[in-house]
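The values are calculated or read from the model by the stated rules, or taken from the named source; none is laboratory data. Given the structure is predicted, the values throughout are model-derived calculations rather than measurements. Here the Cβ positions follow ideal geometry from the backbone for every residue, glycine too, while neighbour counts run over all protein chains shown. Ligands, DNA and RNA are excluded from the accessible area calculation, which covers all protein heavy atoms including side chains. Shrake-Rupley method; radii C 1.70, N 1.55, O 1.52, S 1.80 Å.
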Amino acid sequence: MNDERPNSVPPQAAVDSEPNIAAAPRPRRLWPGCLLIAIYWAIWIAAGQAELPITTTFFIVAGTSALVTLLFVIWWLTNRTIAGRDRLLVLGAVVLGGAAAIAASKETLGAFSAIFIGLPWVLTAWIVWSAIARRASGPVFRWGAVAAVCLPWIFVSLIKVTGITGDMKSDMHWRWTPTAEETYIATRSETAAEQPADEAAAPDEAEAIVAAPDDWPGFRGPSRNGEVHGLSIGVDWKQSPPTQLWRQKIGPGWSSMAVVGGRLFTQEQVGEKEVVVCLDARTGKRLWSHEDAARLVDSQGGPGPRATPQFVAGDLYTQGATGILNCLNAANGRLKWSRDIAKDAAAPLPMWGFSSSPLVIGDVVVTYAGGKGDKGLLAYHTTDGSPAWSVATGAISYSSPQPITPAGETQVVIVSDAGILAVEPASGDIAWRFEANGHGVWRAAQPTEQEDGSLLIGSEDLGTVCLDLQKVDGEWQPRERYRSNKLRPSFDDFVLYQGCAYGFDLRVFCCFDTKTGKPRWRGGRYGNGQVLLLRDQGLLLISAESGEVVLAAASPQGHHELARMQALEGKTWNHQAIANGNLFVRNDQEIACYRLPPPGDEMAAK
């Protein structure tokens, strides 16, 4: 008899016959990437809040961005919790998306700005999506990551940056939004008075312009030190505010103004042309203009000329941002001669353009080019523009030649990344040098001569250096008296009054003792502004970056605001000017004239 047993199923077969349940994907390891992005944004925010020089802030943010990007890519490529093809695909999307964004934003941002703005957001979107989809399936994780890293690049291709503020915040707009310059060009009236100077009246038909004591012939006034003499004004602007005489649009540029003989001279950018313009100082009416086919644009400063015209004996000397140095008839704008300093000095175009305001001293006009060899500081004969002399300097400077008179001897000094150089203006012979290697750091503030003959030099990297100038055995010998980090001007110039300097320590207004270099106070926050001194009253006129004008007392006891008004709208970096009791202000969009109240008006109002 057969022994029948129930059919039995082998143990393994039983297991195999059970429903197949897919194992959940292993969570991806993301904390190193999250930590890197958190560190980046913490440093970026801290650098923006800290009172650091612009150069320092820039290098911190740029260096952090580069380092974080490198570490992030290394971590991503070595992260074995993410499939190899996913790692390569997402990284490829970042590279290809960046290349496409750079190509699309060539005219609106430029390669550097596109990377600088876009890459941090690409990395952030990358890690945010990875965290959200940490446990997602391969396709969801993969294609979601590709979309995440491409979206910031798409955004970058759709924007443009028209500049930055003094604290390095980008002024961003949609790329299809008209710029202030485009709006200005579209609405600018085309009257006969606005025609190029070549169509103006002949020189012998134009009325000669003669400077008066109350005029403002060039950069920072008659002595290039920001001082106004012989003027007293009312200080109660609530009762008797400055009166706006005129206000109008102007093309972009960071030039200041020269005001002589009832005429105002400045520079602007109009499309592909740099324009020297003459306005009626009383009405703002455009009288003549001279145009050169030139245009400089940088993503930080924006387009337009930087230097201020200089009026001397009926002639106007101007320098454009690409290096065109002109001598014009101030009465009608007729060109007398022209030079290309970039070509003469074989000098590369500076990052922010040629910014030196030409200085006429004796029978030469002096300007900074920064060329190699002895082509740093250039001088040309005022009569015909022929070269007079040239001297070696550092390769970088956004400062202008400054006249000084130690022991009654006239010299011209220029600050560069190599230090400070003094020359004899007629011959170009070197009087003395002070070595202060900035290792490529840009310096823009004007050196200022004190009443005791010493010289103050200010920059972000140096702080303020006081030099005593002594002549020993017929040779000038500069000697450093002190070096202080209590006044670190960027492109903001300072003024001197009764043993104190008043100016911007980075973006905070301050006062410090010029004899010792010790601080007195730090007060108002006006961004990157400029300041003038009304010496007769001991008053400061501060032009804030916001377009406000602030009246304050020049007192070592503390910062005392007396009045303020909103003079312009928009970012204002230009130096203001004062002539015949009128205050002239401008920025890259507007120019205006205000009649300052005379003293006693506030008493009459009461």
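Quick look at the values:
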{"read-out": "Matching option when the condition is open to solvent by less than 30 Å² (accessible area, probe 1.4 Å), touching a strand residue (DSSP E or B) at 6+ places or on another chain (Cβ under 7 Å) and free of Cβ contacts under 8 Å to residues at least 60 places away in the same chain, among Ser399, Ser357, Ser427", "value": "Ser399"}
{"read-out": "So Gly453, is it without any contact (Cβ under 8 Å) to a residue 12 or more places away in the chain and either surrounded by fewer than 20 Cβ atoms within 10 Å (Cβ to Cβ) or at negative phi (or both)", "value": "no"}
{"read-out": "Residues that are open to solvent by less than 50 Å² (accessible area, probe 1.4 Å) and among the aromatic types (Phe, Trp, Tyr), drawn from the range 49-81", "value": "Phe58, Phe72, Trp75, Trp76"}
{"read-out": "Elements of type strands (runs of 3 or more DSSP E) in the range 464-583, at least 3 residues being open to solvent by less than 10 Å² (accessible area, probe 1.4 Å)", "value": "500-505, 508-513, 530-534, 539-543, 548-553, 577-579"}
{"read-out": "Hey, Leu231 in contact with a Gly (Cβ under 7 Å, 6 or more places away or on another chain) and either at pLDDT 95 or above or among the hydrophobic types (A, V, I, L, M, F, W, C) (or both) or not", "value": "yes"}
{"read-out": "Of the criteria (1) in contact with a helix residue (DSSP H, G or I) (Cβ under 9 Å, 6 or more places away or on another chain); (2) modelled with pLDDT of 95 or more; (3) of a type outside the set (D, E, K, R), which one Ala192 fails", "value": "(2)"}
{"read-out": "Scope the range 271-304; condition in contact with a helix residue (DSSP H, G or I) (Cβ under 8 Å, 6 or more places away or on another chain), of a type in the set (Lys, Arg) and part of a strand (DSSP E or B); matching residues", "value": "Arg286"}
{"read-out": "The range 107-138, subset part of a loop (DSSP other than H, G, I, E, B), at pLDDT 85 or above and of a type outside the set (A, V, I, L, M, F, W, C), residue nearest to Ala62 (Cα to Cα)", "value": "Arg134"}
{"read-out": "Qualifying positions in the range 233-270 - part of a loop (DSSP other than H, G, I, E, B) and over 19 Å from the mean Cα position of the chain (by Cα)", "value": "Ile233, Gly234, Val235, Asp236, Trp237, Lys238, Gln239, Ser240, Pro241, Pro242, Gly261, Gly262"}
{"read-out": "Residue check, Thr162 out of contact with any Pro (no Cβ under 7 Å at 6 or more places or on another chain), assigned to a strand (DSSP E or B), polar (S, T, N, Q) and open to solvent by less than 60 Å² (accessible area, probe 1.4 Å)", "value": "yes"}
